[in-house]
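The values are calculated or read from the model by the stated rules, or taken from the named source; none is laboratory data. As the structure is a computational prediction, the values presented were derived from the model and not from experiment. A quick note on method: Cβ atoms are made from the backbone with ideal geometry, for glycine too, and the neighbour counts reach across all protein chains shown.
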Amino acid sequence: MNNSKYEFNVISNDERNMNYWDMFATWFGANANNGTWFIGGVIAACGLYGGIEAMLIGGMIAYIFLSLMGYVGYKTGATTTVLSRGSFGIRGSVVPTVINLTLFLGWTAVNTFIAATSLAFIFHSLFHWPLFGQPGGNFGLIVGILVMSVLHILSIIAGQRSVQLVERIGVILVIIFVILETYVVFKNVSLADIAHYVIPKAQQMPLGIAIDTIAASSLGWVMGSADFTRFTGKKGTSITAPYIGALAGLLSFGMIGICTTLSVALTSGAYNPNNSDPSIIANKLGLGFIAMLVIVLTSMTANAVNIQAGASALNNMNHKLSLNKSLVIITLLSMVLTFVPVISGSFLESFISFLDYTGMLLGPIIAIMVVDYFILNKSNYNQVALSDENGKLWYQGGFNVIAIVSLVLGVLIYLGLKSLDFIKDFTGATFITMAIVAVIYYVASKLFNK
């Protein structure tokens with residue numbers, strides 16, 4: 001090593017202990033959770049077929065990038081935020097790192113809030129505490145948030161092996177829960193009823209917006225991909241297990257979200273997008289304590305990925321922090337963020353705003369990173385080059401201005417495309433923006449970074 005203050009540790013062969021099942025379970029568990037269920041409920045505004053189409057298009061394309069960055073993690077042994085030094089510069093990597101940090105804090109808060117809502121239902125049944133939205137209903141929700149934060153910290157303290165155990169057990173319980181949920185839904189309404197249900201025109205969602213919604217949530221995992229694939233010693237595991245696991249989790253829980261939201265609309269006679277919340281749906285369908293407890297567990301499996309990826313981002317910003325301290329800090333920060341919907345009074349509005357934020361930033365960042373590794377600078381992605389203050393990846397004072405400008409242009413292009421009716425109705429802005437940014441970054445790099 002070169003004794004740089006930007007030194008980092010790579011995962012050695014001895015530490016690469018994640019097998020195919022572990023990797024699949026990690027990424028299936030990352031998506032087979034309340035957040036994906038909620039997203040399914042949100043895009044239910046496209047109807048059954050429109051929702052399925054959006055999930056297939058958005059998920060299948062987004063997880064190609066999950067596999068690509070998973071491969072890079074396997075090859076280099078570095079985290080995703082460290083890898084961003086290659087494209088944004090050793091200092092400039094702070095830009096995607098900060099975005100990454102807020103992203104995973106946000107997703108941790110989303111899953112924690114939904115799990116806390118489930119706990120609030122349990123507290124209501126046991127102690128008759130008011131539910132969220134009722135007078136005095138904030139108390140049970142706040143206690144639920146605190147309980148979930150404590151569970152996250154306990155899981156972290158127990159170490160990596162405990163996280164793997166939670167993922168393995170969680171995946172089995174999630175599969176059982178999906179089967180139970182499917183049975184309850186289709187006992188009350190038929191698939192034909194759900195397929196033919198027409199969303200009120202004022203509440204319908206265009207296909208392009210639904211694709212962008214799926215893309216925003218799915219691309220978020222790409223920014224944590226290498227953090228886990230660096231723990232496997234097999235190339236095939238790093239490429240295929242994340243793709244298959246994440247897509248299976250998205251389709252299973254996304255479908256549950258669509259079907260349950262539409263089934264509640266059918267049985268109640270009114271479509272309400274706020275019924276996307278898994279805890280509310282489980283309560284309305286009479287699934288009881290077991291369902292609520294599984295919702296809590298799925299939050300823990302998803303947040304195991306979120307918290308670890310967030311901690312990696314924090315480590316890239318402050319190298320003096322140990323990983324365990326970073327994990328605790330991320331957990332506490334996400335707990336604070338979880339109170340935003342409590343203050344605003346609307347979880348749905350907070351969630352949609354969060355997805356808009358992630359969607360316009362993630363696509364350009366990922367496009368830049370993929371082009372840089374696979375086309376421009378692959379040979380420089382090693383432990384020395386990624387921390388060398390005198391090397392090629394130092395660019396201009398530690399910043400690659402071309403990458404930063406490409407990111408800014410990408411955000412502007414995304415916002416411009418998103419306002420076009422054709423984009424909103426058919427394609428979405430995310431993947432088109434990524435393609436344009438990839439070309440801009442490649443051409444500009446060839447012209448100016450010689």
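The set of residues in the stretch 433-450 being over 14 Å from I404 (Cα atoms) and not in a helix (DSSP H, G or I) consists of K450 alone.
Summed over the stretch 132-162, residues that are at pLDDT 80 or above and either in a loop (DSSP other than H, G, I, E, B) or among the hydroxyl-bearing types (S, T, Y) (or both) total 5. Just one residue in the set G233, G224 is in contact (Cβ under 8 Å) with a residue 60 or more places away in the chain and surrounded by 24 or more Cβ atoms within 10 Å (Cβ to Cβ); that residue is G224.
Looking only at residues of the stretch 412-431 that are part of a helix (DSSP H, G or I) and surrounded by fewer than 17 Cβ atoms within 10 Å (Cβ to Cβ), we find that the one that is nearest to the chain's Cα centre (by Cα) is L415. Among the residues of the stretch 167-188, are any surrounded by fewer than 19 Cβ atoms within 10 Å (Cβ to Cβ), outside any helix (DSSP H, G or I) and over 18 Å from the mean Cα position of the chain (by Cα)? Looking for residues that are surrounded by fewer than 19 Cβ atoms within 10 Å (Cβ to Cβ), outside any helix (DSSP H, G or I) and over 18 Å from the mean Cα position of the chain (by Cα), one finds none in the stretch 167-188, hence no. Is one or more of the residues making up the stretch 84-107 more than 23 Å from I404 (Cβ to Cβ) and either touching a Cys at 6+ places or on another chain (Cβ under 9 Å) or touching a residue at least 60 places away in the same chain (Cβ under 8 Å) (or both)? Checked the stretch 84-107: at least one residue is more than 23 Å from I404 (Cβ to Cβ) and either touching a Cys at 6+ places or on another chain (Cβ under 9 Å) or touching a residue at least 60 places away in the same chain (Cβ under 8 Å) (or both). In the condition set (1) buried (at least 23 other Cβ atoms within 10 Å of the Cβ); (2) of a type in the set (A, V, I, L, M); (3) over 24 Å from I352 (Cα atoms), I239 is compliant with all but (1).
Of all the criteria given as (1) closer than 27 Å to Y74 by Cβ; (2) surrounded by fewer than 18 Cβ atoms within 10 Å (Cβ to Cβ), the one not satisfied by G35 is (2).
The set of residues from the stretch 386-400 being assigned to a helix (DSSP H, G or I) and either in contact with a strand residue (DSSP E or B) (Cβ under 6 Å, 6 or more places away or on another chain) or touching a residue at least 40 places away in the same chain (Cβ under 8 Å) (or both) comprises L386, S387, L393, W394.
Residues that are under 29 Å from A195 (Cα atoms) and polar (S, T, N, Q): list the helices (runs of 4 or more DSSP H) wholly contained in the stretch 1-84 that include at least 1 such residues.
Output list reads 20-31, 34-43.
In the set I368, I352, only one residue is among the β-branched types (V, I, T) and surrounded by fewer than 16 Cβ atoms within 10 Å (Cβ to Cβ); that residue is I352.
Out of A62, A44, which single residue is buried (at least 20 other Cβ atoms within 10 Å of the Cβ), touching a residue at least 12 places away in the same chain (Cβ under 8 Å) and over 16 Å from I244 (Cα atoms)? Unique residue meeting the criteria: A44. Within the stretch 189-236, restricting attention to residues that are among the small types (G, A, S) and over 18 Å from the mean Cα position of the chain (by Cα), which residue is farthest from M55 (Cα to Cα)? My answer is G233. Taken over the stretch 313-353, the criterion of being closer than 30 Å to I43 by Cα and among the charged types (D, E, K, R) is satisfied by E349 alone.
Taking the stretch 240-260 as the range and being more than 15 Å from L48 (Cβ to Cβ) and among the aliphatic types (A, V, I, L, M) as the test, the residues that pass are A241, I244, A246, L247, A248, L250. Of the numbered criteria (1) part of a helix (DSSP H, G or I); (2) under 18 Å from G86 (Cα atoms); (3) modelled with pLDDT under 85; (4) not basic (K, R), the one H319 fails is (1). The requirement of being out of contact with any Phe, Trp or Tyr (no Cβ under 6 Å at 6 or more places or on another chain), polar (S, T, N, Q) and on the phi > 0 side of the Ramachandran plot is fulfilled somewhere in the stretch 1-13, by at least one residue. Those residues that are of a type in the set (S, T, N, Q) and surrounded by 15 or more Cβ atoms within 10 Å (Cβ to Cβ), I need them from the stretch 302-334; list them, please. Passing the criteria: N303, N306, Q308, S312, N315, N316, S326, T331, S334.
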